[in-house]
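This report concerns only the one structure given below.
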Amino acid sequence: MTDQAQSFDKGLGLEVVFPSPGRIMRRRMLKSKGFLLGLTMFTLVVLMALLAPLISPHDPYDQDLSQRLITPVWTEQGSWEYPLGTDYLGRDNLSRVFYGARISLLIGFSCMLIAAGIGTSLGLLAGYFGGIVDMVVSFMITVRLALPAVLVAVAVVALIGGSMDVVIVVLGCLVWDRFIVVVRANVQQIKSMDYVPAAKAAGCSVFWILMREIMPNLMNNLVVIATLEIGRVILLEAALSFLGMGVQPPMPSWGLMIAEGKEFMLFEPYLVMIPGVALFILILGMNLLGDGLRDVTSPEGGA
Amino acid sequence: MLIYFCKRLGLAVLVTIAVSMISFMMIRVSGDPAIALAGEAATSEEIEFVREQYGFDRPLIVQYLEWASRAIRGDLGESPYMNLPVTEMIGNRIGVTMTLGICALSFAVLLSVPLGVLAAIRPNTWIDRLALTISVIGQAMPSFWFGLIMIIVLGVKFRLLPISGAETPAHFIMPTIALGYYATPAIMRLVRSGMLEVLASDHIRTAKAKGLRWGKILYKHALRNAIIPVVAVLAVQLGFMLGGSIVIETVFALHGIGHLAWVSIGRSDLPVVQAIVLLLSIIYVVLTFLSDMLNAFLDPRIRVK
């Protein structure tokens, strides 16, 4: 994509200026409220994650039983020492929320990369070759959708032993279905464009055609799906950690924080509220960003 | 229709076989299921005993075929933890989960279809934006968190609803909402886009020109066409809901199969976990098969494909 505006002199002394594709896109981005809102929320969480060591008032793992279950600053007993209060072990909630952003984002991105790898390659093959390859891949999608994802993930993580790496691999291997569906449909469409048979006639290898002719045209949709999938994976990780079969204590995963807060929620409801709001903002941000990107890159629909 | 029926049935059978293999292999991912069953503190003789008792020492394929042929006859083995037949344990619990799933699905339909229709007949108005906002917020809220918030607000603060158990219908209200709202956005979007498409078509214009009442046009001519794709999604959503019930049942202490699965995972009661995964997958396969048939019945164009 060139960033320079093209201008044509039609020989009439008039100069017609066409905005570059990049500029059209930027203009659309600035006009889309959902996209901007999503981008803001996402940036906020990324900043929290990156700056966690600098902005956290306390160590997220530091326990102080004399300071346990302090309420947030806006309540009567609250103090600025612990702006969001402390949990049942006296750990600072604000610092745990900051460090929790790291876990959510790390898991979200890594799972998405695994899923995108599996889904895109299978989708490319199914869409390009069709026939028996397509049938096998479609069958895989049907089987995957028939399995109850949360239950399988919980069972497998519990059997192998809960840790962040296990959660990432297990979830990554479970959420590739949307990548395949979208990539496959797109490839089927692109395959009939003139430039693909042209490349074939010019003697390009299948690998070249898939990577250099088809892949670049998939990128927009892939980015949209990837963004939405990160949101979905973060939601799944939170559910797993909430059930106690995901990220293990004492790590400050938001889902785990909700599970720990659940024991005390009748007296201290903010222990459940705070990590939940953080999760909500991140997932809402990812969804708005994904939907916004779809509108920005292909306003006619698609994806 | 018959050819289509046979094709779909064949696919459903193949998927069932694949799913049974996966749920069979699932409990073996950690390497040795005998160690998991015997517990971490078990001696090597105890592990050896469990291995022989359960036949883990035989070739995998023999184990699978025996397990599968028993499963077809309705025998899913015995729970080593409870010393009860797995089918009996599941049978006692499935009613709660089914009730919850069907309530949640009805809730989702009753909320999303009217909203979707309203959004479609008044596009780009406040009601359309309200529907969109509900769907965006709905998709971003973790269902277990939403459940806990309801418990805090409705159950504890205002004491309107009971917070755990399954004794009365009132016990099902909060779990139904928590499980059902998550499916609302998908159904609503589908109804909205379907209605928009149908309302722009020729036969609606003709019906309007004939002077039919607007309500009749909407219901008889537009919604009937727009609802066809929704039927397929409903079956899928019900399948997801039954799968997602593990989280909601845990939050509300509803003793359905989701809760049973969670408890069984915690105590390494592997035959139960395996059976529940298999059962939920088969329910999903049956539901999608039925919805395919219903779709083909409603829309003759599908049968030819």
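Side notes on the structure shown:
- Enumeration of residues in the range A:208-236 that are over 29 Å from A:G108 (Cα atoms) and surrounded by fewer than 17 Cβ atoms within 10 Å (Cβ to Cβ): A:W208
- Residue check, B:R159 assigned to a loop (DSSP other than H, G, I, E, B), charged (D, E, K, R) and more than 19 Å from the chain's Cα centre (by Cα): yes
- Of the listed requirements (1) more than 22 Å from A:L147 (Cα to Cα); (2) touching a helix residue (DSSP H, G or I) at 6+ places or on another chain (Cβ under 6 Å); (3) at pLDDT 80 or above, B:Y64 misses just one: (1).
- Checking A:P249 against (1) in contact (Cβ under 8 Å) with a residue 60 or more places away in the chain; (2) in a loop (DSSP other than H, G, I, E, B); (3) surrounded by fewer than 22 Cβ atoms within 10 Å (Cβ to Cβ), the condition it does not meet: (1)
- Just one of the listed residues (B:A71, B:A104, B:A119) is touching a Ser or Thr at 6+ places or on another chain (Cβ under 6 Å) and away from chain A (no Cβ under 14 Å), namely B:A104.
Residue-wise test of (1) modelled with pLDDT of 85 or more; (2) touching a helix residue (DSSP H, G or I) at 6+ places or on another chain (Cβ under 7 Å); (3) basic (K, R); (4) surrounded by fewer than 16 Cβ atoms within 10 Å (Cβ to Cβ).
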| site | (1), (2), (3), (4) |
| --- | --- |
| B:T184 | yes, yes, no, no |
| B:R189 | yes, yes, yes, no |
| B:V198 | yes, yes, no, no |
| B:Y219 | no, no, no, yes |
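- Some residue of the range A:73-81 being of a type in the set (V, I, T) and crowded, with 20+ Cβ neighbours inside 10 Å: no
- Condition check for A:F139: within 14 Å of another protein chain (Cβ to nearest Cβ) and more than 30 Å from B:I248 (Cβ to Cβ): yes
- With a requirement of 1 or more residues that are within 11 Å of another protein chain (Cβ to nearest Cβ), the helices (runs of 4 or more DSSP H) lying completely within the range B:225-304 that satisfy it span B:228-252, B:257-266, B:270-298.
- Taking the conditions (1) modelled with pLDDT of 90 or more; (2) over 22 Å from A:S241 (Cβ atoms) in turn, A:L171 satisfies each one other than (2).
- For the range B:161-212, the set of residues classified as more than 15 Å from B:L132 (Cα to Cα) and among the polar types (S, T, N, Q) consists of B:S164, B:T168, B:T176, B:S201, B:T206, listed by residue number.
- Qualifying position, being without any contact (Cβ under 8 Å) to a residue 40 or more places away in the chain, surrounded by 13 or more Cβ atoms within 10 Å (Cβ to Cβ), hydrophobic (A, V, I, L, M, F, W, C) and away from chain A (no Cβ under 14 Å), among B:F5, B:F49: B:F49
- Residues of the range A:252-270 that are touching a helix residue (DSSP H, G or I) at 6+ places or on another chain (Cβ under 8 Å), closer than 21 Å to A:G78 by Cβ and outside any helix (DSSP H, G or I): A:P252, A:F264, A:M265, A:L266, A:E268, A:P269.
- Flag for A:M273 being facing chain B (nearest Cβ under 10 Å), surrounded by fewer than 24 Cβ atoms within 10 Å (Cβ to Cβ), more than 23 Å from the chain's Cα centre (by Cα) and among the hydrophobic types (A, V, I, L, M, F, W, C): no
- Extreme residue, surrounded by the fewest Cβ atoms within 10 Å (Cβ to Cβ), among residues of the range A:255-266 that are in contact (Cβ under 8 Å) with a residue 40 or more places away in the chain and more than 9 Å from chain B (Cβ to nearest Cβ): A:E263
- Scope the range A:148-173; condition more than 7 Å from every other protein chain (Cβ to nearest Cβ) and either charged (D, E, K, R) or in contact with a Gly (Cβ under 8 Å, 6 or more places away or on another chain) (or both); matching residues: A:V157, A:G162, A:D165, A:V167
- Checking A:G119 against (1) within 14 Å of chain B (Cβ to nearest Cβ); (2) touching a residue at least 60 places away in the same chain (Cβ under 8 Å); (3) in contact with a Phe, Trp or Tyr (Cβ under 6 Å, 6 or more places away or on another chain), the condition it does not meet: (1)
The values are calculated or read from the model by the stated rules, or taken from the named source; none is laboratory data. Just so we're clear, the structure is a prediction, and the values are computed from it rather than from any experiment. Here the Cβ is made from the backbone with ideal geometry for all residues, glycine too, and neighbour counts use every protein chain on show.
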